[in-house]
Amino acid sequence: MGISMSDVQGQAAFAKAEGLTFPLLSDPDASGARKFGVLAKSGKWSRRVTFIIDGGGRIADVITKLDVRTHGEEIAKRLIELKKARGK
């Protein structure tokens, strides 16, 4: 799932243009960004951060430095590491 401060129409256009197959949520009032601590000081944008949520709904890992060219592989690597750490 992806979340940004774009409005619903902006999210829909972005998802269509990029061929995304996962849900995008709109956070135009920045309440979610504020709660997750990713809202910039200006309040006009949020930092790009990936939160990995475990089966219990808890934040299991946070990726704060994103490289769009390798981010998918980084997420997969972290998921494998988390699974090993939990003995699964």
message: If each residue of separation counts as 0.36 nm, what is the full-extension length gain between ARG48 and ALA15 once their alpha-carbon separation is subtracted?
response: 10.2 nm
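In which sequence would ASP27, ASP61, ASP67, ASP54 go, from the one with the fewest C-beta neighbours within 10 Å to the one with the most? Don't skip to the end; give the middle numbers.
Values: ASP27 19, ASP61 15, ASP67 8, ASP54 11.
Lowest count first: ASP67, ASP54, ASP61, ASP27.
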- prompt: Which of these values of P(r) over Cα pairs in 5 Å bins from 0, in percent was calculated from the structure shown: [x] 2, 11, 7, 8, 7, 7, 7, 5, 6, 5, 5, 5, 4, 4, 4, 3, 3, 3, 3, 2, 0; [y] 3, 13, 24, 24, 17, 11, 5, 2, 1, 0; [z] 3, 12, 19, 22, 21, 15, 6, 2, 0?
  reply: [z]
query: Considering only DSSP beta bridges with both partners in the chain, what is the antiparallel share in %, to the nearest 5?
result: 60 percent
query: Angle between the Cα long axis of helix 71-85 and the longest principal axis of the chain, 0 to 90 degrees, nearest 10?
result: 40 degrees
statement: Listed with the fewest Cβ neighbours within 10 Å leading, PHE22, PHE14 appear as PHE22, PHE14
- prompt: With each run of n ≥ 4 DSSP H residues scored as -39500 (n - 2.57), what mean residue ellipticity at 222 nm is computed for the chain after dividing by its residue count and rounding to the nearest 500 deg cm²/dmol?
  reply: -10500 deg cm²/dmol
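From the Cα gyration tensor of the range 48-88, with a ≥ b ≥ c the square roots of its eigenvalues, which class applies: rounded if a/c is under 1.5, or else prolate if a/b is larger than b/c, or else oblate?
oblate
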task: Just rank SER42, SER31, fewest to most, by other beta-carbon atoms within 10 angstrom.
output: SER42, SER31
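Any read-out appearing in this document is the output of simple, stated calculations on the displayed coordinates, not a laboratory observation. Here the structure is a predicted model, which means the values were calculated and not measured. Cβ atoms come from the backbone with ideal geometry, glycine included; neighbour counts cover every protein chain shown.
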